[in-house]
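Taking it in order: structure first as structure tokens, then the write-up.
What follows is calculated from the coordinates using simple rules that are stated; it is not laboratory data. Since we're looking at a predicted model, the values are computed, not measured. Counting neighbours? That spans all protein chains shown, and the Cβs are built from the backbone with ideal geometry, glycine included.
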Amino acid sequence: MIWWAIPYIFQCQARRILPKSAAPFSTTRKEHGCMSDNLIRHEPVSDAPFVADGVRISLAPPMQRHALRARNAEDLERLLQVKIPRQIGASEGGIMCLGPDEWLLRADVDAPIPTGDGLPVAITDVSERSICLVIEGPRASEILMAGCPLDLNQFAVGRATRTIYETVEIIILREAEDRFHVEVWRSFSEWLWTAMTTAARH
């Protein structure tokens, strides 16, 4: 085969394969923006509360969540202009003390949260990591203890802690005698919802 004939052969083959109406490239007009602009958030659990005898389980409204780390709580207090609970398990003003140098801040979605630049603190936005389920009613502690090893009858109002529900890690905050907030990672929330509503039916 003569080398100069190769391009001509390829052109002939392309004409036989492609219909006359075929275009060598797409002429579709691309709109401005991206696919993520049109995405709609769907929560992994129902927006409608579950109600059974003596208990109501519902999805808490959207909120900000920020993981706080600092060696000295005073640095966080100067930054946030609020009192920081020192005792592990204590909560105050939307802030839960989960460890010696670890806190979880929950706030309204529109609340301004400083970044902590220039201070020896770490503030990490984890708002999309978890959702919060509200369990309330006379049987609230019973439903939680169906899968949680803690004796919630001895769990004081205002106390918060990490624990598990069966094998899933959660954070429990007791807001009132008959109301708990349960923080759970979004990827486990559907399972937890099913487990607790199943326990509530029995």
Kindly state, as a whole number, the per residue volume in cubic angstrom of the convex hull around the alpha carbon atoms of the range 72-116. 71 Å³
For q values of 0.12, 0.18, 0.19, 0.20 Å⁻¹, compute log₁₀ I(q)/I(0) with the Debye formula on a Cα-only model of the range 61-202, without solvent. -0.49, -1.03, -1.13, -1.22
Fewest-first ranking of Leu144, Leu98, using other Cβ atoms within 10 Å as the exposure measure: Leu98, Leu144
Residues Met196, Met145, sorted so that the one with the fewest Cβ neighbours within 10 Å comes first: Met145, Met196
What dipole magnitude, in Debye to the nearest 20, does the range 64-126 give about its Cα centre under +1 on Lys/Arg Cβ and -1 on Asp/Glu Cβ? 160 debye
Centre separation in Å (Cα based) which lies between the range 160-202 and the range 84-99: 19 Å
